[in-house]
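Worksheet for the structure shown next.
The values are calculated or read from the model by the stated rules, or taken from the named source; none is laboratory data. What you see is a predicted model; the values in this text were computed from it and never measured. Note that we place each Cβ from the backbone using ideal geometry, even for glycine, and neighbour counts take in every protein chain shown.
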Amino acid sequence: MITVLRLGHRPERDKRVTTHVCLVSRALGADRIVISTRDDNVVKSVSDVVSRFGGEFQVESGINWKKYIQNFQGIKIHLTMYGIPIQNAIQKIPKDKDLLIIVGSEKVPSEVYKLADFNIAVTNQPHSEVAGLAIFLDKYYEGKELEKKFKGIMRVIPSEHGKNLKIFSREECVSILRNLGMDEKLISHSIAVANLSFEIGKRCNADIPLLICGALFHDIGRIRENGISHGIVGSEMVLELGYPIEVANIVKRHVGGGLEQEEAKKLGLKEFDLMPETLEEKIVCHADNLIKRDKKIKLEEVLEEYRKMGLHNQVDRIRSLHRYLSDLINMDIDDLDV
Ligand code: SAM
């Protein structure tokens, strides 16, 4: 757990820099920030970013900094141009302890230097708390913080040219389906699959906005093509709409509890990696197995239909997917009420 302590914040002068200290803390892997002076505006604007872009980051202001440092159970690090160069100190910081990282604004009281376990400099030149904190976090995490997933409703889809910001919300996805002309019955089915996916996903720490978006779009391909290839067609549509590959793969790999390479070849499909792999892909695939029109049915009913069609591989595969997900959420999915 990493907490950042922002010292000496002056609401009228430091609003912007303190907000940037908060945003850098959140983006680069800290868990919480405490700000010495009370400032409800900064707390509100940072909380707003968290609610839209995701993560568990916490922000609090108006704390007694001296008591906070004294009572902190863990390693206390003060970032200052007067300290030991970071390249000589970073290896000495334990990775298994909670950290408190203290950054100042104007003059930092001399007590802070004594209360800290480490006074660390990011060069011994004067610069900024925003830059000092960013470089410290990057050295501490050895670059791994850049891979952190935030699971937010608002997501930037990396783009070589231009901006692509997507909203992973029910309303947005349903309105896209309606605008594309999806039949209302199919929309009700997609919503029922999303509801069941949510009930499973919230019990096993899935990426909920990704799950809901993938579930709502799982049959988008049926708008153009109603056969077995609707998953592949749908994944292409999702990519055309600017959604990322994680959503496209949920759509592509949901058909019939997944298809093995050989089966896909026999069916004459143009793509063969059609088995659900990620947690979200598995959940949507199985939620779709268990939703008939817009009602949940029991596993045995699903298996019976596949048996009647002579698709015995599918029977075994769907049964083991059901077991796998039921084990993960510590209850039989047949007993989930939606
Ligand atoms: N003169 C102030 C003092 O008494 O420490 C520092 C003012 S500086 C604008 C604000 C904050 O930026 C500092 O408290 C420190 O946390 C951070 N900072 C600035 N230069 C730094 C450096 N070279 N290494 C680490 N942190 C630095």
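Give the residues of the range 238-257 that are small (G, A, S) and surrounded by fewer than 24 Cβ atoms within 10 Å (Cβ to Cβ), sorted by residue number.
G242, A248, G256
Could you list all residues from the range 220-232 that are in contact with a helix residue (DSSP H, G or I) (Cβ under 6 Å, 6 or more places away or on another chain) and within 20 Å of V174 (Cβ to Cβ)?
Correct list: I220, G221, R222, R224, H230, G231.
Taking the options S229, S320, name whichever one is without any contact (Cβ under 8 Å) to a residue 24 or more places away in the chain and of a type in the set (S, T, Y).
On the way: S229 fails: without any contact (Cβ under 8 Å) to a residue 24 or more places away in the chain.
Going through S229, S320 in turn, the sole match is S320.
Restricting attention to the range 114-173, and to residues there that are of a type in the set (G, A, S) and within 8 Å of the ligand (Cβ to nearest atom), which single residue is surrounded by the most Cβ atoms within 10 Å (Cβ to Cβ)? Before you say what the answer is, go through the steps one by one.
Pass one, the range 114-173, residues of a type in the set (G, A, S): 116, 121, 128, 131-132, 134, 143, 152, 159, 162, 169.
From the residues that got through so far, the ones that are within 8 Å of the ligand (Cβ to nearest atom) too are 121, 128, 131-132.
Working: A121: 19, S128: 13, A131: 14, G132: 24.
Only one residue tops the list, namely G132.
What number of residues within the range 281-299 satisfy the criterion of being part of a helix (DSSP H, G or I) and over 10 Å from R253 (Cβ atoms)?
Count: 7.
Contact list please: Cβ distance under 6 Å, first residue in the range 144-155 and at positive phi, second residue part of a loop (DSSP other than H, G, I, E, B), pairs at least six apart or on different chains.
Matching pairs, first to second residue: K151/D207.
Name the residue, out of E277, E246, that is of a type in the set (D, E) and part of a loop (DSSP other than H, G, I, E, B).
Details: E246 fails: part of a loop (DSSP other than H, G, I, E, B).
Sole residue among the options that is of a type in the set (D, E) and part of a loop (DSSP other than H, G, I, E, B): E277.
Go through the range 24-50 and give me each residue that's within 16 Å of the ligand (Cβ to nearest atom) and either without any contact (Cβ under 8 Å) to a residue 60 or more places away in the chain or not polar (S, T, N, Q) (or both).
Across the range 24-50, the qualifying residues are V24, L28, A30, I33, V34, I35, S36, T37.
Could we say that G201 is farther than 18 Å from M275 by Cβ, assigned by TED's automatic domain parsing to the domain that holds L269, at pLDDT below 95 and of a type in the set (G, A, S) here?
Considered against the rule, which asks whether it is farther than 18 Å from M275 by Cβ, assigned by TED's automatic domain parsing to the domain that holds L269, at pLDDT below 95 and of a type in the set (G, A, S), G201 comes out as no.
Just checking, does the range 89-110 include any residue being of a type outside the set (S, T, Y), farther than 22 Å from K15 by Cα, within 9 Å of the ligand (Cβ to nearest atom) and not in a strand (DSSP E or B)?
Pass one, the range 89-110, residues of a type outside the set (S, T, Y): 89-104, 106-109.
Subset that is farther than 22 Å from K15 by Cα: 89-99.
So of that shortlist, the ones also within 9 Å of the ligand (Cβ to nearest atom) come out as none.
Scanning the range 89-110, I find no residue that is of a type outside the set (S, T, Y), farther than 22 Å from K15 by Cα, within 9 Å of the ligand (Cβ to nearest atom) and not in a strand (DSSP E or B), so the answer is no.
Can you find even one residue in the range 191-209 that is without any contact (Cβ under 8 Å) to a residue 24 or more places away in the chain, surrounded by fewer than 17 Cβ atoms within 10 Å (Cβ to Cβ) and more than 29 Å from D335 (Cα to Cα)?
no
I'm trying to understand the selection: among the residues of the range 51-88, which are among the β-branched types (V, I, T), within 16 Å of the ligand (Cβ to nearest atom) and either in a helix (DSSP H, G or I) or surrounded by 18 or more Cβ atoms within 10 Å (Cβ to Cβ) (or both)?
I69, I77, T80, I86
Looking only at the range 298-314, count every residue that is at pLDDT 95 or above and surrounded by 15 or more Cβ atoms within 10 Å (Cβ to Cβ) and tell me the total.
Within the range 298-314, residues that are at pLDDT 95 or above and surrounded by 15 or more Cβ atoms within 10 Å (Cβ to Cβ) number 3.
Take the conditions assigned to a helix (DSSP H, G or I), farther than 17 Å from F136 by Cβ and among the hydrophobic types (A, V, I, L, M, F, W, C) and apply them to V43. Does it pass? First the steps, then the outcome.
Values: assigned to a helix (DSSP H, G or I): yes; farther than 17 Å from F136 by Cβ: yes; among the hydrophobic types (A, V, I, L, M, F, W, C): yes.
Yes, satisfied.
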